[in-house]
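Input: a single structure, listed below in C-alpha cells.
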Amino acid sequence: MPIETSLVLFKPDAVEKLLVGPVLARFQAAGFQIRGIKMMRLGEVILREHYAHIAHLPFFPEIVRFMSSTPVVAVALEGEDAIARVRELLGPTDSKAAAPGTIRGDLGEDKMVNVCHASDSPEAAAAELQRFFQDGEVFAF
C-alpha cells in the first residue's frame, strides 16, 4: 500500500465539544503519523476555494457561517493508504448514516456537523495540504 498524506480538518463542532484530542488519538491508534498540525480561523476566501464545487449552491452561506464560527484544527496525517483509511475511520459524510464505531457514527450529528473533513483523493489531498499548510509546516521524519 502506498504511503500517503491526507488533510483532516477538525470542524467547529469537534473544537467546541473538545473532541480534537480523542479523535486524533483514534487516528494515531490506527497507525497514522502527524506530519503537521495547526489551529486556524477560516474566512470566506479560503472557504470559497475549499468548497468551490458547492459555492454556487444556496446552502453555501450556511457552510461559511458554520466553518468560520470557531477556529478549526488542520492536521496532515501520513500512513499506508491514508486517504481511503482515514475516510473509512470517519464513516460516511452523513453522520446519521454512519455506523457505530466510526468517528462520525459515534460523534457526528448530520451532513455538516460531522466532526472532520478529510481529503477524498490523492489530487484533493495535495491541493488541500497546500491550501492549509505553508511550505515548511508539514514535516517528514
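Some notes on this structure:
- Both radii were evaluated on the Cα set of the stretch 3-132; the Rg over Rh quotient, with Rh as the Kirkwood radius, amounts to 0.93.
- Reported value for the stretch 27-97: 125 Å³ per residue, from the convex hull of its C-alpha atoms.
- Nonlocal amide H pairs with C116, under 5 Å, H built at 1.01 Å: K11
- The stretch 43-116, relative contact order [Cα under 8 Å, separation at least 6], %: 19 percent
- Normalised contact order of the stretch 3-132, rounded percent, pairs of Cα under 8 Å and 6 or more residues apart: 38 percent
- Sorting D135, D13 from the fewest to the most surrounding beta carbons within 10 angstrom yields D135, D13.
- The 3J(HN,Hα) values that the Karplus relation (6.51, -1.76, 1.60; θ = phi - 60°) gives for the stretch 36-48 are, in residue order, x, 7, 7, 9, 8, 9, 9, x, 5, 4, 5, 5, 5 Hz. Gly and Pro appear as x.
Computed from the coordinates by the stated procedures, all read-outs in this text should not be read as laboratory data. The structure presented is a predicted model; accordingly, all values stated were derived computationally and were not measured. Ideal geometry is used to build each Cβ from the backbone, glycine not excepted, and the neighbour counts take in all protein chains shown.
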